[in-house]
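Please treat every number below as a calculation from the coordinates, not as lab data. Just so you know, these numbers come straight off a predicted model, no measurement behind them. Positions of Cβ are generated from backbone atoms using ideal geometry, with glycine treated the same way; all protein chains shown enter the neighbour counts.
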Amino acid sequence: MNLSSNGLPIPFTPELFGPLRPSARLLSRGNPGALRERLHADGYLYLPGLLDRAEVLRLRGQYFSLFPPDLLASSTGPVDGVFSGRVPAGVPEYGVAGHPAYAFVRSAPFAHFVSNPVLSDLACQLLDGKAEMLPRRILRHFHRGTRRASRAHVDHDYMDEGSPRVVTFWIPVGDCPPQTGSLVYLEGSHRLPPEEYAPLRDVTDRPGDRRQICHDLELTARTLGRRWLYADFRAGDVMVHVPRVIHASLDTTTDAMRLSVDARFVRSDDTPDPRWLRPWSADDGA
Ligand SMILES: O=C(O)CCC(=O)C(=O)O
């Protein structure tokens, strides 16, 4: 497999990559304590098939049908989300007012999708009480050719003005193998003291933003002596992670476009970070 992140190749070797451990079996046992234990042990829960695949694919189709049709390869449909290689003229900057992603996260189909009780019931179990989804829910759409991906980071650095009792749900909206730009998690990194990875923040392609740890995933793995954990995600799978686990994404190199939602729950009796109380837009600075 040829993989890269932010344009930097990362060799797909057993030293640098390993598989995510699935936890779907724990769900069927109806034992929230075991789920919480696994989340805190691994820093994540990989839950293949948690959501109805057809429903996830419907959302994919609804989003891509908001674009002028020449975004999509000829003879393919919005549910396929296959990139034609051209971003249609006149589409505004990604995720700002006027771009389809901006309208979509404020739309009824999106609200319906994220309000699925499967997600909120699980969040309540994981947070050991009542949980509320924060209104700032991010839609991420990447296509091949941009060499843009999420740099290694921890969610805590983006939400450190509120309760730390947060869980993030990352939902691929479509099949998402590593080459389509999947999320990868640095093994056991939620247990690392932040001072240990702080020096990596000096190696960056975005010197103005200290929240990001590093854009170089090979260097990050080698410096911290840990593997990136990956999966061949399918529509319907869900990842849950804790705010201190280091994660990043790979570049999208397939014709199929990468689409995902990330949504966060906080305990309803806690005070959330105020920056997460408004719907997302790509220029909101949060
Ligand atoms: O989807 C991505 O590339 C990044 C998502 C992320 O960082 C998150 O869900 O916390």
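Projecting the Cα atoms of Ser182, Phe12, Phe233 onto the charge dipole of the chain, computed from C-beta unit charges around the Cα centre, puts Phe233 farthest toward the positive end. How large is the Rg to Rh ratio of segment 116-213 when both quantities use alpha carbon positions and Rh follows Kirkwood? Taking Rh as the inverse mean 1/r over Cα pairs, Rg/Rh reads 0.97.
Our summary gives segment 91-199 a relative contact order of 16 percent, counting only alpha carbon pairs under 8 angstrom and 6 or more residues apart. Label-to-label distance, Asp209 versus Asn31, with points set 7 angstrom from Cα along the beta-carbon direction: 4.1 nm. For Ser150, the residues whose amide H sits under 5 Å from its own are Ser249, ignoring neighbours fewer than 5 places away on the same chain, with H placed 1.01 Å from N. Across the chain, C-alpha contacts under 8 Å between residues 6 or more apart give a mean separation that, scaled by the residue count, equals a relative contact order of 33 percent. A helix-only calculation puts the chain at -6000 deg cm²/dmol for mean residue ellipticity at 222 nm, using -39500 (n - 2.57) for each DSSP H run of at least four residues, averaged over all residues.
Over the Cα atoms of segment 1-153, the radius of gyration divided by the Kirkwood radius equals 1.00; this is the Rg/Rh ratio. Proximity of backbone amide H atoms, modeled 1.01 Å from N, is registered between Gly162 and Asp273 at under 5 Å, excluding neighbours fewer than 5 places apart on the same chain.
Converting phi to 3J(HN,Hα) with the Karplus coefficients 6.51, -1.76 and 1.60 and the offset θ = phi - 60°, segment 21-33 yields 8, x, 10, 4, 5, 5, 5, 6, 7, x, 10, x, x Hz in sequence order, with x at every glycine or proline. Here the peptides 183-194, 89-100 are ranked by packing, the mean other Cβ count within 10 Å, and the order with the highest first is 183-194, 89-100.
How large is log10 I(q)/I(0) at q = 0.09, 0.14 Å⁻¹ when the Debye formula is applied to the Cα atoms of the chain, each weighted equally and without solvent? Result of the Debye calculation: -0.40, -1.05. Packing, taken as the mean count of other beta carbons within 10 Å per residue, orders the peptides 134-142, 117-125 from highest to lowest as 134-142, 117-125. Its Cα gyration tensor gives segment 216-286 an equivalent ellipsoid. The semi-axes, each the square root of 5 times an eigenvalue, are 26, 19, 14 Å from largest down.
In debye, nearest 20, what is the charge dipole magnitude of the chain about its Cα centre with +1 on Lys and Arg Cβ and -1 on Asp and Glu Cβ, if you could check?
280
Of the residues Pro243, Thr223, Pro88, the one whose Cα sits farthest towards the positive end of the charge dipole of segment 2-268 is Pro243 (charges of +1 on Lys and Arg Cβ, -1 on Asp and Glu Cβ, taken about the Cα centre). Alpha-carbon geometry of segment 183-257: the Rg and the Dmax are 13.4, 39 Å, given in that order. Our coupling estimate for segment 259-275, obtained by passing each phi through the Karplus curve with A = 6.51, B = -1.76, C = 1.60 and θ = phi - 60°, is 10, 8, 10, 10, 9, 10, 10, 10, 5, 5, 8, 9, 8, x, 4, x, 5 Hz, Gly and Pro reported as x.
Dividing the mean sequence gap of close Cα pairs (under 8 Å, 6+ apart) by how many residues segment 157-284 holds gives a relative contact order of 50 percent.
Between Glu55 and Thr271, the contour length at 0.36 nm per residue exceeds the alpha carbon distance by 74.6 nm.
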